[in-house]
Amino acid sequence: MMWMYILLLAMSVSLYVYPNGVVPALIAVVCGALAIKAIKEGRAKTRKSVSPTVTDAVHSGSGMEDEANRVTDPRLKDLEDTIAKNARDLQAFAGAREEIAVAVADFGQAISVVESLSDIVISKTENSSKDLSTSIFSISDNSKRVTEEIKELLIEICKGEDSLESDIKKLTKEVDKLDLVMKDFQIMSSEYGQNTDVLEKNVDGISEYSRAITDLADKTNILAINASIEAARAGEYGKGFRVIAGEVQKLAKQSKSISENINTSILKVGTQLVKSSKNHKEIMESGVKAIRQSQKNLLEVTTILTPQVALLGEGINESETLSSSVTADLNAIIVSLQYQDSIRQILGHEINLLNELRGIMENVLVSSGNGVPKTGDRERILDLAKKYFTVRDEWLAFGLNIDEGSMENQDESLKNVTIF
Amino acid sequence: MTIFCVDDSSTIRMLVKKALEPEGYTVLEAENGKEALSHKDIAGADLFLVDVNMPQMNGFELVKNIKQDTRLSSKPVIFLTTESALEKKNEGKDLGGAGWIVKPFEPPALIKVIKMFS
Ligand SMILES: [Mg+2]
């Protein structure tokens, strides 16, 4: 019974591993063979229980007496029939045993075929997963490097002393300063205007004053002329008076001319003052205008740049998120790639199990009197296996020729291509 | 810190390398216990990451040798294997192993374990 359990187990394992393979078929054959063996063992037991009776009967008498007994005793006839039947069965069993031995030997060959196929799976998966990991890691190294560079650049732009952010802060400060300067300028400008007004008034005042002096001088002159006329009329008595009147007249002329000079220069100064104050005002106004414009420009620049710096800051965060997600993906890939090692071991275990099964079957054959196990017919097994081959490497693994038609391409990259 | 990775799977060795090198570890490699013992830089290893099932000399045999070598006996040995049965783990522990990681390993976990011994 235990054999049956082992065989059932082996069958289910092989069916799981090779659902469409050669192995289940072979195992089915072997199962049948072992079932026959079990029957045979049952028969052998029967034979053992019958044989002594036959021997006893055969050796119970001798000569003519025996002959007579044989003919007359129906029991003896039955026994003879049984012996003849057993002999036929034995011959049939011998044939079956021969077939089982061949099947077991073929099974051994099949295992070695399966082993070779497993080797392909192992080496192919190992190579492909290695290639895959190499490319994945080089991609990830590159992306890591690029992300780092971008991040550094962004940090440089956004943070630190020479960063855009600090530039904007400086600009904003400058704008504030300009605002102060402009206010001072406006105050200065209005004070200057007031001062100019005072000056103009003063100039007007001085002109008025000098006109008054001129008037006074004119009047004095007339007085002096009248005084000289009166002095002349007085004759010799008015001689001294005439001298004084003459002096007064001279004085009046002089004071008039001085006053006229003052008036001229004051007017000149006043005109120039008005002119220059007008210029000054214009200059100041255009200065204020320029400051206002540059303040406006700076404000615009900072308004545009501030959200951009914020965006860049987000970019830094995003690049950090990206690089940590790349790391997580990479870790997942490292885990996945390790299953290749497990697959390799599992395939090895399957081969071991099958080999063990072969050993058990060979022992059964030996113990049932079939002698040393034969070597299976590899060619026949390969013919059997070939029916299922679809992959080029399966053919190559056994040095079999596979007709792939002509694939002679000049271009190395098209070596697997056939153009019809 | 130098980590000596002994595993018959070249993929595993490569993945260990890829996981540890960015963390600043130097990784030495060998395909099995025998190759590891004859590695010229074995004395420079600070920690061993050892597979159990390997041809020629398995991980347990290797650890026996490591524990008998006065240059290496104090270096921690961590098993990195597909085996997860308690009896195997106990065998590893009894041989003087410092830890047991069942494959597939996750890089952060591997790094964490190694850091416990740095
Ligand atoms: Mg291994």
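Of the residues in the range A:307-322, not one is more than 14 Å from chain B (Cβ to nearest Cβ), over 30 Å from A:ILE136 (Cβ atoms) and part of a loop (DSSP other than H, G, I, E, B).
Applying a threshold of 6 Å to beta carbon distances and a minimum spacing of six or more residues, or different chains, the list of pairs starting in the range B:2-18 at a residue that is within 21 Å of B:PRO76 (Cα to Cα) and ending at one that is near the ligand (Cβ under 10 Å from one of its atoms) and charged (D, E, K, R) reads B:ASP7/B:ASP51; B:ASP8/B:GLU31; B:ILE12/A:ASP341; B:ARG13/B:ASP7. When residues in the range B:1-16 are screened for being assigned to a helix (DSSP H, G or I) and either away from the ligand (no atom under 16 Å from the Cβ) or touching an Asp or Glu at 6+ places or on another chain (Cβ under 7 Å) (or both), 4 of them pass.
Considering the range B:83-102 alone, what residues qualify as being over 11 Å from the mean Cα position of the chain (by Cα), buried (at least 16 other Cβ atoms within 10 Å of the Cβ) and at pLDDT 90 or above?
Taking the range B:83-102 first, the residues over 11 Å from the mean Cα position of the chain (by Cα) are B:83-96, B:102.
Subsequent filtering for residues that are buried (at least 16 other Cβ atoms within 10 Å of the Cβ) retains B:83, B:88-89, B:91-92, B:95.
The answer is B:LYS88, B:LYS89, B:GLU91, B:GLY92, B:LEU95.
So, of the residues in the range B:35-49 that are more than 14 Å from chain A (Cβ to nearest Cβ) and within 14 Å of the ligand (Cβ to nearest atom), which turns out to be farthest from B:ILE101 (Cα to Cα)? This residue is B:GLU35. Does B:GLY96 fit the bill of being touching a residue at least 40 places away in the same chain (Cβ under 8 Å) and away from the ligand (no atom under 16 Å from the Cβ)? No: the conditions fail for B:GLY96. The one condition from (1) in contact (Cβ under 8 Å) with a residue 24 or more places away in the chain; (2) under 26 Å from A:SER336 (Cβ atoms); (3) away from the ligand (no atom under 16 Å from the Cβ); (4) out of contact with any helix residue (DSSP H, G or I) (no Cβ under 8 Å at 6 or more places or on another chain) that B:LEU28 does not meet is (4). When B:LEU28 is tested against (1) under 12 Å from the mean Cα position of the chain (by Cα); (2) within 13 Å of chain A (Cβ to nearest Cβ), only condition (2) is not met. Pairing residues of the range B:64-82 that are within 13 Å of B:GLY92 (Cα to Cα) and within 14 Å of chain A (Cβ to nearest Cβ) with residues that are among the hydroxyl-bearing types (Ser, Thr, Tyr) and surrounded by fewer than 19 Cβ atoms within 10 Å (Cβ to Cβ), at Cβ distances under 6 Å and at least 6 apart in sequence or on separate chains, gives no pairs at all. Scanning the range A:331-376 for residues that are more than 30 Å from B:ALA109 (Cβ to Cβ) and within 16 Å of the ligand (Cβ to nearest atom) yields A:ILE351, A:ASN352. Restricting the first member to the range A:338-351 and to residues that are touching a residue at least 40 places away in the same chain (Cβ under 8 Å), and the second to residues that are within 10 Å of the ligand (Cβ to nearest atom) and outside any helix (DSSP H, G or I), the beta-carbon pairs closer than 8 Å and six or more apart or on different chains are A:GLN340/B:SER9; A:ARG344/B:SER9. Take the residues in the range A:329-354 that are of a type in the set (S, T, N, Q) and at the interface with another protein chain (Cβ under 7 Å from one of its Cβ atoms), then tell me which one is surrounded by the most Cβ atoms within 10 Å (Cβ to Cβ). In this case the residue turns out to be A:GLN340.
The values are calculated or read from the model by the stated rules, or taken from the named source; none is laboratory data. None of the values given here were measured: they were computed from a predicted structure. Every residue, glycine among them, receives a Cβ derived from its backbone with ideal geometry; neighbour counts consider all protein chains shown.
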